[in-house]
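A quick write-up on the structure given underneath.
The values are calculated or read from the model by the stated rules, or taken from the named source; none is laboratory data. Just so it is clear, the structure is predicted and the values come from calculations on it, not from any experiment. A quick note on method: Cβ atoms are made from the backbone with ideal geometry, for glycine too, and the neighbour counts reach across all protein chains shown.
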Amino acid sequence: MRTFREHEHKHDLHGITVVVETDGAELWIGRCDDVVEAGVVLRDADVHREGEAGPPRAQWLERARSFGVWPRHRHVVVPAARVTGVRRLAEI
Amino acid sequence: MPYSPLLIRPMREELLAVGFEELSTAADVDRFLADTNGTALVVVNSVCGCAAGMARPGVRLALREGPRPDRLGTVFAGQDLEATARARAAFGDIPPSSPSMALFKGGELVWFLPRHRIERRDALDVAADLGAAFAEHCAVRA
């Protein structure tokens, strides 16, 4: 049985787990709620900041690709002006 | 806020109809996972049409033939809150996602399929992933 697929008012990526690349140190992964003028709206997202403590980006991405990310940010808007790319996590 | 039980009943039935045990309480999950003999599949069901709409048919397809887990259990994310939390605790250091699927062998988690590897795929693809996991970890049915 197919369920709530009727979200025509939302962006095509609605409900899809995406990687949002930015022009800065931040790389976001989360479930895309929508893409609007203000930016990419993510739910249950996590972020990797280059240069901060924690695993290197490649290692963080590999773990995310295998198992997903912890929902450290329930709702976040990545500003459109900062976004340089949006890809499905499954395609990484 | 949990969904209406009436709304999700058909989504539960899709799995119960092929032999899944409904794990609606934390105690159900504890009892189910306490049996460490053989293999057990736990499906975290979900209302999400972006992924669950293909997850359930994929599971059904995968169970039609070939090796399969000895036991099948399911919790429903957003509905059976304590049971879902308990199941996710058993998944160890794997972030929560729904729908998702976990295969245990001898009480150890040996395979996991998170939500993002179900999204946008069709039932045949999901069934193929499950079938490969069953072939690797589960005994052939007599």
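Worth a mention:
- Residues that are closer than 25 Å to B:Asn37 by Cβ and of a type in the set (Gly, Ala, Ser), drawn from the stretch B:71-84: B:Gly73, B:Ala83
- Residue match in the stretch A:47-62 (condition: among the β-branched types (Val, Ile, Thr) and facing chain B (nearest Cβ under 10 Å)): no
- Of residues in the stretch A:29-52 being in contact with a helix residue (DSSP H, G or I) (Cβ under 7 Å, 6 or more places away or on another chain) and in a strand (DSSP E or B), the one surrounded by the fewest Cβ atoms within 10 Å (Cβ to Cβ): A:Gly39
- Yes/no for B:Asp93 being among the acidic types (Asp, Glu), over 16 Å from B:Cys138 (Cβ atoms) and either touching a residue at least 40 places away in the same chain (Cβ under 8 Å) or not in a loop (DSSP other than H, G, I, E, B) (or both): no
- Residue tally, condition buried (at least 18 other Cβ atoms within 10 Å of the Cβ) and of a type in the set (A, V, I, L, M, F, W, C), over the stretch B:105-122: 4
- Taking the stretch B:1-82 and the helices (runs of 4 or more DSSP H) fully enclosed by it, the elements with 2 or more residues that are free of Cβ contacts under 8 Å to residues at least 12 places away in the same chain are at B:5-16, B:26-34.
- In the stretch A:53-80, residue nearest to A:Thr22 (Cα to Cα) [restricted to those that are among the charged types (D, E, K, R) and surrounded by 12 or more Cβ atoms within 10 Å (Cβ to Cβ)]: A:Arg57
- All positions within the stretch A:63-84 that are more than 10 Å from chain B (Cβ to nearest Cβ) and either among the aliphatic types (A, V, I, L, M) or closer than 25 Å to B:Ser98 by Cα (or both): A:His73, A:Arg74, A:His75, A:Val76, A:Val77, A:Val78, A:Ala80, A:Ala81, A:Val83
- Listed conditions (1) modelled with pLDDT of 95 or more; (2) in contact with a strand residue (DSSP E or B) (Cβ under 7 Å, 6 or more places away or on another chain) are all met by A:Ser66, apart from (2).
- Scanning the stretch B:118-142 for residues being within 10 Å of another protein chain (Cβ to nearest Cβ) and closer than 20 Å to B:Ala40 by Cβ gives a total of 1.
- Criterion (within 14 Å of another protein chain (Cβ to nearest Cβ) and touching a helix residue (DSSP H, G or I) at 6+ places or on another chain (Cβ under 9 Å)) met by exactly one of B:Arg60, B:Arg86: B:Arg60
- Candidates B:Val44, B:Val18, B:Val29, filtered to the one that is surrounded by 23 or more Cβ atoms within 10 Å (Cβ to Cβ), aliphatic (A, V, I, L, M) and within 14 Å of chain A (Cβ to nearest Cβ): B:Val44
- For B:Ala102, the conditions (1) assigned to a helix (DSSP H, G or I); (2) buried (at least 21 other Cβ atoms within 10 Å of the Cβ) are fulfilled apart from (1).
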